[in-house]
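To keep things clear, I will list the structure first and then write my remarks on it.
The values are calculated or read from the model by the stated rules, or taken from the named source; none is laboratory data. All values derive from a computational prediction rather than experimental measurement. Quick reminder, even Gly has a Cβ in these numbers, built from the backbone with ideal geometry, and neighbours come from all protein chains shown.
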Amino acid sequence: MHEMGIALEIIDIAESSVASRLKEGQVERIFLKIGKLSALVPESLEFCFEAAASKTSLAGAKLVIEEVPVIGRCEACNSQWTITQPVFICQKCKSGSIKVISGRELEIESIEIIEKED
Amino acid sequence: MPVNDKNTTSRKKIKVIRKVLDINEKMAQANRELFQEKGVFVLNMMSSPGSGKTTTLEKTLESIATEINSAVIVGDICTSNDANRLSKSGVPVVQVNTDEFGGDCHLAAHVIEKAALGFDLDNIDLLIVENVGNLVCPAEFDIGEDARVVVLSVTEGEDKPLKYPLMFRECDGAILNKIDLLPYLDFDMEAVNNNILQIHPNMPIFEISAKTKKGLTPWLNWLKQKVSEKT
């Protein structure tokens, strides 16, 4: 729902991370990790990013989004599994003490730049 | 003759590894430190629009404001209607309208930091943040709170928790409101409780009617207990 705000943050972080290199190069792709539990729709984010970036030094850059699965670990019996249904109960021992060890990510992993070589 | 290719380009991948919400997280941590220093317990109340958050808050303040020095930050995209209602309780209230910030659908940490400047925090023990009515986004944004509750009303459908797992996982308690309407609805209380506990096992669930005050006492006791543990 707030994909535009997130897109603007990505632009800010990307520009500041590679500021010195933008004189000689152009950002081609921005690699993101977005967890499946986060309240974001990747397609909406791509759309908002393209629109927001169009008037900046990142115009033309594309987002490459890796969707990270939700993985739970049972704190009682240590079993670990990918959570695909909204059920946070251990399949093995039925404990409710589940730690979500992935699926909440919202990060910029890397930025790919094309630089001219002399 | 050697080819003089001036158009050689190279592709380089620069590792960044930075959280997009980094700035909000840092601000939330700063808020947390301020509230710790001033001995203020912060409660973040979230829900969809129309669940009865403001009425629940009105009735909560009626009961506890005499025992606990309280203050409220109310978030809405626009209008100060909620702040006007809540200020009748005699408690200091600051209204935040997110349309000034671009119409945000949630409150973020920097907004809370600014709003908190409107209070004398040395004389406040409980700060309640009534977040923007929205079951999706507010759960993503740490504002430096000590506890989070989600308010769901019995007019909303038993499967809401399953549709919004992040919200129900991230909150420390759930208030099930408008139970006075149950005789007029086909709402399945057992199903909604099961759905909530499936997402968040052992989550405290408070079945209340903010209108009639039925069931309010366990909710108030839980809140008072949390506040006294910190302040």
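Among the residues of segment B:126-150, those identified as outside any loop (DSSP other than H, G, I, E, B) and β-branched (V, I, T) are B:I128, B:V129, B:V149, B:V150. Here A:A39, A:A51 are screened, and the one residue that is without any contact (Cβ under 8 Å) to a residue 60 or more places away in the chain and assigned to a helix (DSSP H, G or I) is A:A51.
If you go through segment B:64-79 one residue at a time, how many are within 18 Å of the chain's Cα centre (by Cα), under 19 Å from B:F119 (Cβ atoms) and in a loop (DSSP other than H, G, I, E, B)? Total satisfying the criteria: 0. Taking segment A:91-110 as the range and being over 16 Å from the mean Cα position of the chain (by Cα) and more than 22 Å from B:A191 (Cβ to Cβ) as the test, the residues that pass are A:K92, A:C93, A:S95, A:S97, A:K99, A:V100.
Could you tell me whether any residue of segment A:49-60 is aliphatic (A, V, I, L, M), modelled with pLDDT under 95 and touching a strand residue (DSSP E or B) at 6+ places or on another chain (Cβ under 7 Å)? Yes, segment A:49-60 has at least one match. Here B:L107 fulfils each of the conditions (1) out of contact with any Phe, Trp or Tyr (no Cβ under 9 Å at 6 or more places or on another chain); (2) crowded, with 20+ Cβ neighbours inside 10 Å; (3) on the phi < 0 side of the Ramachandran plot apart from (1).
In segment A:9-25, the residue that is nearest to B:T9 (Cα to Cα) out of those that are in contact (Cβ under 8 Å) with a residue 40 or more places away in the chain and facing chain B (nearest Cβ under 9 Å) is A:G25.
Residues checked against (1) outside any loop (DSSP other than H, G, I, E, B); (2) on the phi < 0 side of the Ramachandran plot:
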position	(1), (2)
A:S44	yes, yes
A:F47	yes, yes
A:S57	no, yes
A:V64	yes, yes
A:N78	no, no
A:Q91	no, yes
A:S95	no, yes
A:I111	yes, yes
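Among the residues of segment B:42-64, are any under 27 Å from A:R104 (Cβ atoms), at pLDDT below 95 and surrounded by fewer than 19 Cβ atoms within 10 Å (Cβ to Cβ)? Yes. Of the residues that make up segment B:99-109, is at least one in contact with a Leu (Cβ under 9 Å, 6 or more places away or on another chain) and either farther than 30 Å from A:S110 by Cα or in a helix (DSSP H, G or I) (or both)? No - not one qualifying residue is present in segment B:99-109.
Give the residue, chosen from B:D172, B:D142, that is surrounded by fewer than 24 Cβ atoms within 10 Å (Cβ to Cβ), in contact with a Lys or Arg (Cβ under 6 Å, 6 or more places away or on another chain) and not basic (K, R). Please lay out each step first, then the result.
Details: B:D142 fails: in contact with a Lys or Arg (Cβ under 6 Å, 6 or more places away or on another chain).
That would be B:D172, the only listed residue that is surrounded by fewer than 24 Cβ atoms within 10 Å (Cβ to Cβ), in contact with a Lys or Arg (Cβ under 6 Å, 6 or more places away or on another chain) and not basic (K, R).
Return the residue satisfying two criteria in turn: it lies in segment A:80-89 and is out of contact with any Lys or Arg (no Cβ under 6 Å at 6 or more places or on another chain) and in a strand (DSSP E or B), and of such residues it is surrounded by the fewest Cβ atoms within 10 Å (Cβ to Cβ). Looking at the filtered set, the residue picked out is A:T82. Among the residues of segment B:37-63, the one identified as under 14 Å from B:A147 (Cβ atoms) and assigned to a helix (DSSP H, G or I) is B:T60.
Is it true that some residue in segment B:1-20 is more than 12 Å from chain A (Cβ to nearest Cβ), over 15 Å from the mean Cα position of the chain (by Cα) and closer than 28 Å to B:L166 by Cα? Within segment B:1-20, none of the residues are more than 12 Å from chain A (Cβ to nearest Cβ), over 15 Å from the mean Cα position of the chain (by Cα) and closer than 28 Å to B:L166 by Cα.
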